[in-house]
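As structure tokens, the structure follows; a few thoughts come after it.
Coordinate-derived values only; no laboratory data. On a predicted model such as this, the values are computed, not experimentally measured, just so you know. All Cβ positions, glycine included, derive from the backbone under ideal geometry; neighbour counts span all protein chains shown.
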Amino acid sequence: RRVWAALGARDGGRVDLREDAQGRFQFIEANPLPGLHPEHSDLPILAGLAGVSYETLIRDILGSARRRIEGAELISWTC
């Protein structure tokens, strides 16, 4: 969580760490926009292993974004 917050990431994503032989964790990478395929993407698979259903994962990500933008001025894009 500290790495995620320090990077200013929000809503949902993945931080990869590796534990060395001395038990210290090393930061590998952060992915603020990971795949969300329920069967082939790391984030949903890892969430499932932690007991979080795919539906709950998606609901939590969308809920975080909704709470963040409530009251904010939304920009409308046209092409």
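For residue 10 and residue 62 in one chain, what is 0.36 nm times their gap in residues minus the Cα-Cα distance, to one decimal in nm?
Between residue 10 and residue 62, full extension yields an extra 17.6 nm.
Run the quick spin-label model on residue 40 and residue 55: label points 7 Å from Cα toward the beta carbon, then report their separation in nm to one decimal.
Here the answer is 2.4 nm between the modelled labels.
State, as an integer percentage, the relative contact order of the chain based on alpha-carbon contacts under 8 Å between residues 6 or more apart.
Over the chain, the number comes to 21 percent.
Using a cut-off of 12 Å between beta-carbons, work out the net charge of the residues near residue 25 (Lys and Arg +1, Asp and Glu -1, residue 25 not included).
After counting each charged neighbour, the total is 0.
List the trypsin sites (Lys or Arg not before Pro) within the range 1-70 that fall in a DSSP loop (any state other than H, G, I, E or B) and whose Cβ has at most 15 other Cβ atoms within 10 Å.
Listed in order of number, the matching sites are 1, 10, 24.
Would the chain count as rounded, prolate or oblate if I go by the C-alpha gyration tensor, calling it rounded below 1.5 in a/c and otherwise prolate when a/b exceeds b/c, oblate otherwise?
In terms of gyration-tensor shape, prolate.
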